[in-house]
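What follows draws every value from the coordinates through simple rules; no lab data is involved. This structure is a prediction, so every number in the text was calculated from the model and none was measured. Cβ atoms come from the backbone with ideal geometry, glycine included; neighbour counts cover every protein chain shown.
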Amino acid sequence: MSFIVKIINHPNGEQLPLLVDRDGLPAALPNEFVFGRRHLSINTLSRNMREIAIFWTWLEKEKIDFGQAIALGRSFGEAHIVGGLVNFLRRENGIGKRIQKRACANFCVNGVSFNS
């Protein structure tokens with residue numbers, strides 16, 4: 001199941017991104033996180049929510065209950081990160097006739113650039 005980001009327009013002019021599943025139901029934890037950061041710009045919040053959507057899709061694919069893992073103090077080990085999440089981010093996804101990557105090919109950590 002994929003998650004999509006919808007922009008909610010309030011009557012007072014405020015805009016907030018909302019993460020919903022294919023059925024249109026909101027994902028509680030990601031939305032609570034973003035609602036707590038309402039002071040940031042809509043562009044920043046939307047970008048953060050799109051990033052969270054990819055992570056949340058991976059969690060669902062791996063059948064990981066993020067809320068339960070956090071509540072029990074479980075962290076992600078190297079096998080989850082390198083063998084699961086990194087491979088998920090690198091994998092190419094066919095959408096129609098186009099191929100679309102989930103993440104950038106290059107990334108930077110502490111000023112050091114890496115190529116995937």
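In plain terms, the residue of ARG37, ARG47 with the fewest other Cβ atoms within 10 Å comes first and the most crowded comes last, giving ARG37, ARG47. With θ taken as phi - 60° and the Karplus curve 6.51 cos²θ - 1.76 cosθ + 1.60 applied, the whole-hertz 3J(HN,Hα) list for region 19-36 is 8, 10, 8, 4, 7, x, 8, x, 8, 4, 4, x, 5, 4, 4, 6, 5, x Hz, x standing for glycine and proline.
Ordering GLU60, GLU51 by the number of other Cβ atoms within 10 Å of each residue's own Cβ, fewest first, gives GLU51, GLU60. Here the extension length gained between SER75 and ARG38 equals 10.6 nm, from 0.36 nm per residue of separation less the Cα-Cα distance. Cβ crowding within 10 Å ranks LEU16, LEU45 as LEU16, LEU45, fewest other Cβ atoms first.
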